[in-house]
Structures are given as structure tokens and as C-alpha cells.
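Trainee: A single structure is presented below for examination.
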Amino acid sequence: MVAPTVKLAVRDLRIAYGEEEAVSGISLDVHANEIFGIIGPAGSGKTSFLRALNRMEMFNDDMHVSGEIVFGGRDISDIRNVYALRQKIGVVFPLPVGLPMSVYDNVALSPRLRGVKNKAALDEIVERCLTRAALWDEVKDRLKALGSLLSGGQQQRLTIARALSQDPELLLLDEFSIAVDPVTTMRIEDVLRELKEEVTIILVTNLVQQARRLADRTAFFLSGELVEVAETEVLFTGEVKDQRTRDYVEGRFG
Amino acid sequence: MFEATNLNRRNHQIQWLFKVLFGMMTLILIVPVALILGVLVAKGGPAISMEFLFSMPRNGLTEGGILPALIGTMWLVGVALLASVPVGIAAAIYLSEYAPDNWLTRGINLAIINLAGVPSIVHALFGVGAFVVFAGFGASILAASLTLAVMTLPVVIVATRESLQAVPMAFREACWNMGATRWQTIRIVVLPNSVSGILTGIILEVSRTAGETAPIMFTGAAMFLPFLPQGVLDQTMALSMHLFVISNSIPGMSEEFKYGTALVLISLVLLMNALSISFRVYLRGKKKW
Ligand SMILES: Nc1ncnc2c1ncn2[C@@H]1O[C@H](COP(=O)(O)OP(=O)(O)OP(=O)(O)O)[C@@H](O)[C@H]1O
Ligand SMILES: [Mg+2]
């Protein structure tokens, strides 16, 4: 078997908010074109981990990140052009944010920032991304409506469409289906399986079964530490290294 | 099952008591304002006529109209707006969108709030030193307006910052996360959703300066000028100054003229306020999130 290409290498990542440490030395590799699941109880540092990947500590003077995150061959803390970095990383956080502009403009925003001006090209991107986010049918007749006034679940899918419109190399999904109904969630999950051909996906989820359905490998976080990372099937059914992993996936705590 | 218990009844009484109490406080607040307006309208109303509003004063200010003062006040407020708006908005954008949250920024913010409390006579002295003498504008609309502008800058900054900060942080983060720069984010989501609030807030604050006397008295306002100002380097009459002069220094001035002038001044300010408030209400009706 050929060794997989490493897309993202994290070494001894530490994240603190003020004095409080939220992530205490996590090291892991994410392979190209895999769906990498992260599970763990509330407050285990999953969201913080994703924030660090997009250099979001720059938005919060309280948040401190140390350690090494290598993406695209570069330690991201050395990248001066963080804008280019963030453009290559699409993020979807649990609280959906429809920007106060039209649905169309929401999805066209990132391409426009990249300099796409051609109307036909924008139309194509908007339709493709909204379709992939399973939102197109609901909004195709009101693309001019305000994105910020869509329903919660629609805004969440709009956020997904926006992340896809970045044409990202890495897609970070944090509980993306929290406000989305089960049927639509399944549709999006199917899309994610297809997207894997082009994009590397990190999927944080509180639904362990979602990780089981989607992820190629899954990491278990607990109190800011990585308990273990393994092939998803192994983690759920096989020999785990740590009893706490077994207890968590079987719902005995968390 | 919905019968009121004793506790329910008592809570209800207490809540009623507080409502009445707070309502009465509001009344106490309204009474003086209503009285002032009532007196002004009753005593000054009869003076208001086309001639009063649109002709030059005659016979040592005791006859004729207040046209040069009315026009002068518009000049002063207009030029003050032109000067303070760009500077104030730029400073507020810097403080709200760019400045890191550290002791220096907090210090500057505190200083701005305190500056808003500096008495206008102090601004007047500053204006004489800085604009009339040092900058060499002499006593002129320019010097007086700049003095007003400096005086209103703090409130302009505070009003602008409040509007900017009413735009949720989540919108900014969503934009930054896509790789937008700070400026792109300001241009794309922050300003479009705050600019109307900023402008109405500023008009509201700055129109209040129409009533200021001290800052313009030594910097550009004249007791009497037989002509209308032609440019910013002219001196000018102003309503507030005119009111001050005819109330204090002119013997045999008719009561009607004094109250009439005051009525025009307060109507001008109220008109600006009403315009900006109704604009604000209109915008609030079109909520975007
Ligand atoms: N902005 C913040 N300021 C201060 N502390 C924070 C902040 N964000 C997170 N924390 C703290 O960091 C720790 C990890 O939080 P994080 O959001 O990463 O957990 P999580 O694994 O995503 O949890 P959940 O499953 O509930 O989303 C928590 O103890 C939390 O209180
Ligand atoms: Mg989280």
C-alpha cells in the first residue's frame, strides 16, 4: 500500500484562552482527500482546533496558539499572506451566519474577492455551490432575498455553500448539520463523499454515528488531548488502544 | 387552574406600582420641555412672519428680520459638518475596526468620552488660539466652524462607533474567514449596514451645535453685519449669537423679537432632529437581520 500524502501536519498544538488551556499538545496528520472525523465531549477542544487551522486567533486577542501546523508545505504561523491561506480553507461553524446581503451575493462573495467578475462564471459557481449544499431548490426563485433572513437550517446550508464557493483545498466542518433536518443532512453527507475526490475534509461532530458514516479516520479528543486516532471502523468496532474511546463511542459518557 | 394566588396578586401590584412610578418620572421630565416650547410659541409665535424670517435687521436690530443670522447658522453648522464628519468617521472606523484592544486604545476611548464633557468656552479659547490666530483665518466662518467641529468630534466618533459596533461580530468573522482583508470586510459588510445609522447619528449630534454661542462668539460670529456671508472667510451673524445680543445688549428690544428668534432657533434644531429620527425609524423598519 502506498503511503498516503499528508495534507495537514499538526505538531504539539497548544491553544489557550487567557490562562486557560483548551488544547494541550495535539499532534496528528490529516491525509489528502480523506474525511477526517473528530469526536469528543463538549469542551474537549474540537472547535478550538479548527479555529487554529484558519488562524482565527488573530480575531481574538485572548486566544494563544503555539506548536506547528504545516499546510501546503508551510508552517502556517509563518505565512504573511493569511488571506491566501484562509481562501484555501473553507470553514463552517455551528452558528450559521447568513451575511446581510442577497443569497446570490453571499455565495458570489468569495469568487468576487478572488477577482471573478464575469456574470456567467459567477452564476455557474452560485448554482453549483448551492446545489451541493442542498439549498438550490429552496432558494433558486429568491436569490435576491436577504441571506441573513433565511431559516436557521437554510442559513447553515448557505454557509456551507459559501465555504464551497471558495474552492477550498481543505474544508473544516464543525457540527454542520446541527440545524439541518435528517433527510437534508443525508443529502449533504452524500455530497461530502463525492467532494472527497477534490477536497480534504475535517469533520467535527457530536453525532458519533455521523463520524462513523462519513469519516475515513477518526480522532477522539478529550479535555484538550488526543486520546487516539484510528481508521474509523477500527475505532468503532475493533481493538481500541484506550478504554475511554470505547466508552465514549458506545455512549457510556460524554 | 389559572386562579391567581396571593403571591401572583402581590407581584401584580408591585409591578403596577413600579410602572406608575417610572411613568411619573417620565412626566416630570417632559413638563419643563413642554413648558419651554409652550412659552416660546405663545410669546414668539406672533413675531414669526415672512418679513421676520427673510429680511435684514433694521434700526439697531429692533426692526426687520433675522435673515443673516438664519443663513449664518446654516453656514456654520454646514461647514462644521463638512469638517467633522470625514475626520470623525475615519477615527471611529480605526478605533472600532483596526485598533487592537489594549491599554492605549482604551485610554484613547476614555479620552474621547471625557473630551465630550469639556465646556464649550474652553473650546472657544482653543479656537481663537488655533484657528483665528495661529492658522490665520481671522474671525471667520471657517474659524468658527472648525471650532464647532473640534467640539463635536468626540460625539461624532462615539455615535459612529456605536453604529459600527451594532453590526454583529459574526458577520466580520465570516468575511475574514473567507480571506477578506479588514478593509474589504469594512467595505462589504460593516459600512453598508451602518452608514445610515452613522449619518443620522451625526446629524442629530451636530445640529445641536446650532444653539452654541460661546465657541463662535470670539471666532467668527458678529453682533451685526449688514450683508450676508459670501464665503467661509467672512464673518457672519448667527441665531444663537443674535439671541444673546438682543437679549442682553439692546435696550428697548421687543419681547416678541427675542422669543421669536429663540423659537426659530429651536425649530431649526428640532427640525433637523425630527428628520434624522424619522430617517432612523424608517431604516429600522427594514431590518436586515
Ligand atoms: N472564546 C473563548 N474564550 C474563552 N474560552 C474559550 C473560548 N472558546 C472556547 N473556550 C474554552 O475552551 C475549551 C474548549 O472549547 P471548544 O469550543 O474548543 O470545545 P468543543 O470541543 O468544540 O466543544 P463543543 O462540543 O461543546 O462544541 C472550553 O473549556 C471552553 O470553555
Ligand atoms: Mg465546538
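The values are calculated or read from the model by the stated rules, or taken from the named source; none is laboratory data. Nothing here was measured: the structure is a model prediction, and the numbers come from that model. As a convention, Cβ positions derive from the backbone with ideal geometry for all residues, glycine included, and neighbour counts pool all protein chains shown. Side chains included, ligands, DNA and RNA excluded: accessible areas come from the protein's heavy atoms. Shrake-Rupley method; radii C 1.70, N 1.55, O 1.52, S 1.80 Å.
Trainee: Sorted by accessible area with a 1.4 angstrom probe, largest first, how do B:H123, B:H12 fall?
Mentor: Accessible-area ranking of B:H123, B:H12, largest first: B:H12, B:H123.
Trainee: Now for a different question. Using a 1.4 Å probe and counting only protein heavy atoms, how much accessible surface gets buried when A and B come together, both sides summed, in Å² to the nearest 100?
Mentor: Numbers: alone 12110 and 16290 Å², together 26550 Å².
For A against B, buried area totals roughly 1900 Å².
Trainee: Here's a follow-up. Would you be so kind as to list the residues of the range B:151-186 that have their accessible area lowered by at least 50 Å² in the full protein complex compared with their chain by itself (1.4 Å probe)?
Mentor: Listed by number, the residues meeting the 50 Å² cut-off are B:F171, B:E173, B:W176, B:N177, B:M178, B:G179.
Trainee: Still on this model: Roughly speaking, what is the centre-to-centre gap between the range B:1-79 and the range A:192-254 when only Cα atoms are used, to the nearest Å?
Mentor: Centre-to-centre distance over Cα atoms comes out at 67 Å.
Trainee: How far, in degrees from 0 to 90, does helix A:103-113 lean away from the longest principal axis of the Cα atoms of chain A, to the nearest 10?
Mentor: Once rounded, one gets 70 degrees.
Trainee: Out of B:H123, B:M217, B:M56, whose Cα points farthest toward the positive end of the dipole of chain B (charges: +1 Lys, Arg; -1 Asp, Glu; placed on Cβ)?
Mentor: Farthest along the dipole direction, towards plus: B:H123.
Trainee: Under a 10 Å cutoff between Cα atoms, tell me which one of B:A34, B:A80, B:A124 has the largest fluctuation in the Gaussian network model of chain B.
Mentor: Taking springs between Cα atoms under 10 Å, the residue moving most is B:A34.
Trainee: Something else about it: Over chain A, what portion of Cα pair distances is larger than 34 Å, expressed as a whole percent?
Mentor: Considering chain A, 16 percent of its Cα-Cα pairs are separated by more than 34 Å.
Trainee: Another question, if that's okay. Expressed as a rounded percentage, what relative contact order does chain A have, with Cα pairs under 8 Å and six or more residues apart?
Mentor: 27 percent
Trainee: Further, regarding this structure: Can you send over the solvent-accessible area of B:R182, 1.4 Å probe, protein chains only, in Å² to the nearest 10?
Mentor: 80 Å²
Trainee: Another question, if that's okay. For the cross-link pairs A:K140/B:K288; A:K119/A:K196; A:K7/A:K241; A:K117/A:K144; A:K119/B:K287, which exceed 22 Å when the distance is taken from alpha carbon to alpha carbon? Mind showing how you got there, number by number?
Mentor: Working: A:K140/B:K288 20 Å; A:K119/A:K196 28 Å; A:K7/A:K241 25 Å; A:K117/A:K144 18 Å; A:K119/B:K287 28 Å.
Flagged as over cut-off: A:K119/A:K196; A:K7/A:K241; A:K119/B:K287.
Trainee: Leaving out ligands, DNA and RNA, what percent of the accessible area of the range B:6-47 is carbon and sulfur, probe 1.4 Å?
Mentor: 77 percent
Trainee: Counting only helical runs of four or more DSSP H residues, what would the 222 nm mean residue ellipticity of chain A come to if each run contributes -39,500 (n - 2.57) and the total is spread over all its residues?
Mentor: Calculated mean residue ellipticity at 222 nm is -10500 deg cm²/dmol.
Trainee: In addition: Determine, from the Cβ-Cβ distance of B:A274 and A:V2 and an R0 of 60 Å, the FRET efficiency 1/(1 + (r/R0)^6), rounded to the nearest 0.05.
Mentor: Plugging the Cβ-Cβ distance into 1/(1 + (r/R0)^6) gives 0.20.
Trainee: Taking the Cα centre of the range B:1-128 as origin, sum charge times position over the Cβ atoms of Lys and Arg (+1) and Asp and Glu (-1), and report the length of that vector in debye to the nearest 20.
Mentor: Charge dipole of the range B:1-128: 400 debye, to the nearest 20.
Trainee: Work out from phi, with θ = phi - 60° and the Karplus expression 6.51 cos²θ - 1.76 cosθ + 1.60, the ³J(HN,Hα) of each residue of the range B:189-198, listed in order in whole Hz, and give x for Gly and Pro.
Mentor: Along the range B:189-198, the couplings run 10, 6, 5, x, 9, 9, 4, 5, x, 4 Hz.
Trainee: Among B:A139, B:Q235, B:V79, whose Cα lies farthest out toward the positive end of the dipole of the range B:50-285, if unit charges sit on the beta carbon of Lys, Arg (+1) and Asp, Glu (-1)?
Mentor: Comparing the listed Cα positions along the dipole, B:V79 ranks first.
Trainee: Continuing with this model, one more query. How far apart, in nanometres, would the label points at B:A4 and B:A90 be if each is projected 7 angstrom from Cα along the Cα-to-Cβ direction?
Mentor: So the label points at B:A4 and B:A90 sit 6.2 nm apart.
Trainee: While we're looking at this one, here's another question. Taking the Cα centre of the protein assembly as shown as the origin, how large is its charge dipole in debye, to the nearest 20, when only Lys and Arg (+1) and Asp and Glu (-1) carry charge on their Cβ atoms?
Mentor: 1220 debye
Trainee: List the lysines whose alpha-carbon lies under 30 Å from that of B:K258, not counting same-chain residues fewer than 8 positions away?
Mentor: Result set, ordered by chain and number: B:K43.
Trainee: In Å², and per residue, what accessible area does the range B:7-109 have when probed at 1.4 Å with the other protein chains present?
Mentor: Using a 1.4 Å probe on heavy atoms only, each residue of the range B:7-109 averages 63 Å².
Trainee: Here's a follow-up. Around B:W16, what is the net charge, scoring Lys/Arg as +1 and Asp/Glu as -1 over all other residues with Cβ under 14 Å from its Cβ?
Mentor: Taking every Cβ under 14 Å from that of B:W16, the sum is +3.
Trainee: Rounded to the nearest 20 debye, what is the charge dipole size of chain B about its Cα centre when +1 sits on each Lys and Arg Cβ and -1 on each Asp and Glu Cβ?
Mentor: My answer is approximately 980 debye.
Trainee: Report, by chain and number, residues whose modeled amide H sits under 5 Å from the one on A:E225, excluding near sequence neighbours (fewer than 5 apart, same chain).
Mentor: A:S24
Trainee: Ordering B:L27, B:L164 by how much accessible area each has at a 1.4 Å probe, largest first, what is the list?
Mentor: These residues rank, largest area first, as B:L27, B:L164.
Trainee: Ignoring any ligand, DNA or RNA, what whole percent of the accessible area of the range A:154-224 comes from carbon and sulfur when the probe is 1.4 angstrom?
Mentor: It is 49 percent, rounded to a whole number.
Trainee: Per residue of the range B:3-18, in order, report the coupling 6.51 cos²θ - 1.76 cosθ + 1.60 (Karplus, θ = phi - 60°) as ³J(HN,Hα) in whole Hz, putting x for Gly and Pro.
Mentor: Ordered by residue, 3J(HN,Hα) equals 5, 6, 7, 4, 4, 3, 5, 5, 4, 5, 5, 4, 5, 5, 4, 5 Hz.
Trainee: Nearest 5 percent is fine: what portion of the DSSP beta bridges confined to the protein assembly as shown is antiparallel?
Mentor: Details: 28 of 46 bridges.
Antiparallel bridges: around 60 percent, rounded to the nearest 5.
Trainee: Could you tell me the convex hull volume per residue, in Å³, taken over the Cα atoms of the range A:103-254?
Mentor: Dividing the Cα hull volume of the range A:103-254 by its residues yields 128 Å³.
Trainee: Right, next: So which residue, out of B:S240, B:S145, B:S276, gets the largest mean-square fluctuation from a GNM of chain B using Cα contacts under 10 Å as springs?
Mentor: Its mean-square fluctuation being the largest, the pick is B:S276.
Trainee: Using protein chains only and a probe of 1.4 angstrom, how many square angstrom of A:D141 are accessible, to the nearest 10?
Mentor: 140 Å²
Trainee: When only alpha-carbon atoms count, how far does chain B stretch along each of its three principal axes, as whole angstroms with the largest first?
Mentor: The Cα atoms of chain B stretch 78, 58, 33 Å along the principal axes, largest first.
Trainee: When chain A is treated as a GNM, springs tying every alpha-carbon pair under 10 Å, which of A:F36, A:F93, A:F71 comes out with the largest mean-square fluctuation?
Mentor: A:F71
Trainee: Let me ask something additional. What is the P(r) of the range B:6-47, as percent of Cα-Cα pairs per 5 Å bin from 0?
Mentor: Values per bin, smallest distances first: 5, 20, 13, 11, 12, 9, 9, 7, 6, 4, 3, 1, 0.
Trainee: Further question: With a 1.4 Å probe and all protein chains in place, put B:M1, A:M101, A:M58, B:M237 in order of accessible area, largest first.
Mentor: Heavy-atom accessible area, descending, gives B:M1, A:M58, A:M101, B:M237.
Trainee: Through the Karplus equation 6.51 cos²θ - 1.76 cosθ + 1.60, θ set to phi - 60°, convert the phi angles of the range B:141-154 into ³J(HN,Hα) values in whole Hz; use x for Gly and Pro.
Mentor: Those phi angles translate into 4, 4, 5, 5, 5, 5, 4, 4, 4, 4, 5, 8, 3, x Hz.
Trainee: In addition: In 20 Å bins starting at 0, how do the alpha-carbon pair distances of the protein assembly as shown split up by percent?
Mentor: 17, 35, 27, 17, 3, 0
Trainee: What percent of all Cα-Cα pairs in the range A:32-129 falls into each 10 Å bin, going from 0 up to the bin containing the maximum distance?
Mentor: Distribution as computed: 12, 36, 35, 16, 1 percent.
Trainee: Now, a different point. A:M58 versus B:T181, label points 7 Å from Cα toward the beta carbon: distance in nm?
Mentor: So the label points at A:M58 and B:T181 sit 1.2 nm apart.
Trainee: Mind jotting down the three principal axis lengths of the range A:71-173 based on Cα atoms? Whole angstrom, largest first.
Mentor: 44, 32, 22
Trainee: Tell me the mean residue ellipticity at 222 nm calculated for chain B from its helices only (DSSP H runs of n ≥ 4, each -39500 (n - 2.57), averaged over every residue, nearest 500).
Mentor: -21500 deg cm²/dmol
Trainee: Towards the positive end of the charge dipole of chain A, with charges on Cβ (+1 Lys, Arg; -1 Asp, Glu), say which of A:S148, A:L192, A:A120 has the farthest Cα.
Mentor: Value: A:A120.
Trainee: Could you give the length gained by full extension between B:Q165 and B:W289, i.e. 0.36 nm per residue of separation minus their alpha carbon distance, to one decimal place?
Mentor: Contour length minus Cα-Cα distance gives 43.2 nm.
Trainee: Shifting gears a bit: Excluding ligands and nucleic acids, what accessible area in Å² is computed for A:E197 using a 1.4 Å probe, to the nearest 10?
Mentor: Ignoring ligands and nucleic acids, A:E197 comes out at about 140 Å².
Trainee: For B:G64, what residues show an amide H to amide H distance below 5 Å, using hydrogens built from the backbone and excluding near sequence neighbours?
Mentor: B:R58
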